[in-house]
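In what follows, a structure is listed as structure tokens, so that the remarks can point back to it.
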Amino acid sequence: MRIDLPEPEQFYRMLSRNAGKRLETMPTGITLDSREAHPGDLFIAIKGDRVDGHTYIDSAREKGCAAALVQTVDSDCALPQIQVDDPAVTIAGLAQEWRSNFSIPVLGITGSNGKTSTKDLLVHTLSANHVVHGTRGNYNTHLGLPLTLLELNSHYNLSILEMGANQRGDIGYLCNLSLPRYGLITNIAPAHLSSFGSIENITKTKGELFDALPPDGIAFVNSEDEQVRDLTTSAETITYGYSAKCDFTGDVHNDSDGILNIIINGNEIALNSYNRTFAYNVLAACAVSITLDTNWDDFAQAVLSFEPARGRCTTRDIGGVTVIDDTYNANLASALAALDLLLAHPARGKRVVVLADMLELGDDSEEHHKRVGEACVENAIDQLFCLGEKSRIAVERARGDIDARHFDNKQDLADCVKHEIKSGDSVLFKGSRGMELETVIEEVFKD
């Protein structure tokens with residue numbers, strides 16, 4: 001993770017005041033990874049579970065960093081170092097102070113699925129009449145969000161911040177730093193169960209976003225999600241969903257080619273997509289965008305010109321094969337939604353699912369992988385190819401009903417997929433981020 005500082009001199013004064021130490025060189029950027037460091041950066045040495053950033057202080061010096069923020073000083077390294085109790089907490093505190101300098105309203109977005117896609121869509125649609133600051137990539141954690149806040153400056157008039165959570169209290173912590181005025185929770189589903197323990201704990205944590213909103217703020221409520229619908233907030237609520245009772249009511253339908261359109265409050269929006277999950281993301285983005293003064297025509301045009309980031313249900317034609325790349329992350333809900341997208345695409349040939357392990361599902365892991373295998377059988381998927389120990393359960397459930405095979409390594413999987421698929425086939429690649437299934441796509445289609 002790395003950023004350029006938009007106003008280095010102002011940050012330099014703030015850092016010097018808080019650290020009680022004035023550096024000889026003014027930092028012009030901040031990095032948490034010495035491999036990404038640029039000359040003039042402030043290197044933040046984070047001590048993690050697997051990697052200790054303090055072991056890379058000399059590497060940061062070699063890259064030309066201006067200084068390092070450390071917990072333990074390396075007296076053998078010539079790089080100027082500022083010693084603090086916890087560098088992660090210190091940079092978060094600096095980000096909180098930086099954010100307090102601006103009256104820019106913040107829209108916080110969280111959810112079990114779709115938060116990044118919805119955030120990207122909102123940055124795109126709201127840019128029609130706002131100068132939008134937004135989370136880059138996945139800078140949405142207790143480490144990434146402070147860097148995002150430090151990119152704020154007075155040029156912007158709206159900030160859209162994605163907030164991720166791996167344990168209880170994470171969303172409340174991020175809200176305390178960013179002070180959101182608006183909030184959107186895309187959905188609440190079983191994800192990261194190994195750390196949360198239960199759907200009730202996930203709901204409480206995601207709900208911290210609505211708890212943090214001020215009375216003059218707005219909570220955008222997904223009325224189709226029972227957990228979200230039942231959350232309380234002191235802010236105004238604006239609802240969206242498929243019910244006529246919602247403030248923003250959507251009706252999705254297919255044209256003659258199967259491509260989706262959505263009618264929202266009587267306004268038809270062309271989607272140029274087969275993806276019903278995308279259609280619902282558009283409904284959520286519409287509720288926010290129209291409320292924040294985007295006009296309907298601008299919104300419709302922005303939806304048509306939007307391109308999702310690679311790995312988030314992106315669809316490509318490669319040599320006549322329809323490739324659906326949904327490799328960024330996975331849990332049961334997103335896997336079933338991706339399967340629906342595969343089924344929605346017209347296919348002249350086979351429909352193939354390439355599934356890698358869905359991680360961090362705790363005690364529900366076996367049952368959730370089994371349900372994906374069952375869904376492949378129920379929907380008559382032609383072939384199911386799985387990678388990883390956990391996904392073996394999906395193969396065991398599907399084998400005998402469909403062609404289902406398990407692989408222990410990526411090369412064998414890639415070789416099989418390359419041999420089996422032909423022009424006219426549609427292939428869904430789905431797995432958790434840690435499985436890096438996108439490398440299999442690259443291997444299969446590298447020629």
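Just one residue in the set ILE188, ILE199 is under 23 Å from LEU359 (Cα atoms), out of contact with any helix residue (DSSP H, G or I) (no Cβ under 6 Å at 6 or more places or on another chain) and among the aliphatic types (A, V, I, L, M); that residue is ILE199. In region 277-311, of all residues being at negative phi and assigned to a loop (DSSP other than H, G, I, E, B), the one that is surrounded by the fewest Cβ atoms within 10 Å (Cβ to Cβ) corresponds to GLU307.
Considering region 235-260, and only residues there that are touching a Gly at 6+ places or on another chain (Cβ under 8 Å) and part of a loop (DSSP other than H, G, I, E, B), the residue that is surrounded by the fewest Cβ atoms within 10 Å (Cβ to Cβ) turns out to be TYR242.
For region 405-430, a residue qualifies if it is under 15 Å from ASP357 (Cβ atoms) and either touching a residue at least 24 places away in the same chain (Cβ under 8 Å) or surrounded by 21 or more Cβ atoms within 10 Å (Cβ to Cβ) (or both), and the qualifying residues are PHE407, LYS410, LEU413, PHE429, LYS430. Tell me whether region 161-176 contains one or more residues that are touching a residue at least 60 places away in the same chain (Cβ under 8 Å), in a strand (DSSP E or B) and of a type outside the set (A, V, I, L, M, F, W, C). Within region 161-176 (the criterion being touching a residue at least 60 places away in the same chain (Cβ under 8 Å), in a strand (DSSP E or B) and of a type outside the set (A, V, I, L, M, F, W, C)), the answer is no, since none of the residues qualifies.
Residues that are among the hydrophobic types (A, V, I, L, M, F, W, C) and in a strand (DSSP E or B) within region 312-358 comprise ILE318, VAL321, VAL323, ILE324, VAL352, VAL353, VAL354, LEU355, ALA356, listed in sequence order. Annotation: of all residues in region 160-175 being in contact with a Gly (Cβ under 9 Å, 6 or more places away or on another chain) and within 16 Å of GLN96 (Cβ to Cβ), the one that is surrounded by the most Cβ atoms within 10 Å (Cβ to Cβ) is MET163. In region 122-146, what residues are in contact with a Phe, Trp or Tyr (Cβ under 6 Å, 6 or more places away or on another chain), surrounded by 21 or more Cβ atoms within 10 Å (Cβ to Cβ) and either free of Cβ contacts under 8 Å to residues at least 60 places away in the same chain or not β-branched (Val, Ile, Thr) (or both)? Across region 122-146, the qualifying residue is only HIS133. When each of HIS155, HIS142, HIS124 is tested for being touching a helix residue (DSSP H, G or I) at 6+ places or on another chain (Cβ under 7 Å) and in a loop (DSSP other than H, G, I, E, B), the lone residue that passes is HIS142. Within region 236-258, being within 25 Å of the chain's Cα centre (by Cα) and among the hydrophobic types (A, V, I, L, M, F, W, C) holds for ILE238, PHE248, VAL252. Looking only at region 100-120, residues that are in a helix (DSSP H, G or I) and surrounded by 21 or more Cβ atoms within 10 Å (Cβ to Cβ) come to 6 in all. Whenever a residue of region 297-310 is at pLDDT 95 or above, its partners that are in a loop (DSSP other than H, G, I, E, B) and not hydrophobic (A, V, I, L, M, F, W, C), lying with C-beta atoms within less than 9 angstrom and at least six residues away or across chains, give the pairs ASP298/ASN129; ALA302/SER127; ALA302/THR294.
Here's the yes/no breakdown for (1) more than 20 Å from GLU436 (Cα to Cα); (2) touching a residue at least 60 places away in the same chain (Cβ under 8 Å); (3) in contact with a Ser or Thr (Cβ under 6 Å, 6 or more places away or on another chain); (4) surrounded by fewer than 16 Cβ atoms within 10 Å (Cβ to Cβ):
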| residue | (1), (2), (3), (4) |
| --- | --- |
| LYS350 | yes, yes, no, no |
| ASP363 | yes, yes, no, yes |
| ALA375 | yes, no, no, no |
| GLU378 | yes, no, no, yes |
| ASP382 | yes, no, no, no |
| CYS386 | no, no, no, no |
| ILE393 | no, no, no, no |
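Within region 222-251, residues that are in contact (Cβ under 8 Å) with a residue 12 or more places away in the chain and assigned by TED's automatic domain parsing to the domain that holds ILE290 reach partners that are among the charged types (D, E, K, R) and not in a loop (DSSP other than H, G, I, E, B) with beta carbons closer than 6 Å, at six or more positions or on different chains, in the pairs SER223/ARG229. Within region 292-344, track down each residue that is over 24 Å from ILE264 (Cβ atoms) and over 20 Å from the mean Cα position of the chain (by Cα). ARG316, ASP317, ILE318, GLY319, GLY320, VAL321, THR322, VAL323, LEU342, LEU343 - these are the residues of region 292-344 that are over 24 Å from ILE264 (Cβ atoms) and over 20 Å from the mean Cα position of the chain (by Cα). Just one of (1) under 17 Å from GLU162 (Cβ atoms); (2) in contact with a Phe, Trp or Tyr (Cβ under 8 Å, 6 or more places away or on another chain) fails for ILE188. It is (2). The residue that is nearest to ALA287 (Cα to Cα), among those in region 148-159 that are crowded, with 18+ Cβ neighbours inside 10 Å and in contact with an Asp or Glu (Cβ under 9 Å, 6 or more places away or on another chain), is THR148. Does any residue of region 78-89 turn out to be part of a helix (DSSP H, G or I), within 20 Å of ASP170 (Cβ to Cβ), touching a residue at least 24 places away in the same chain (Cβ under 8 Å) and not acidic (Asp, Glu)? For region 78-89, residues part of a helix (DSSP H, G or I), within 20 Å of ASP170 (Cβ to Cβ), touching a residue at least 24 places away in the same chain (Cβ under 8 Å) and not acidic (Asp, Glu): present.
The values are calculated or read from the model by the stated rules, or taken from the named source; none is laboratory data. Note that the coordinates shown come from a computational prediction; the quantities given were computed from them, not determined experimentally. Using ideal geometry, Cβ is built from the backbone for each residue, glycine included, and neighbour counts are taken over all protein chains shown.
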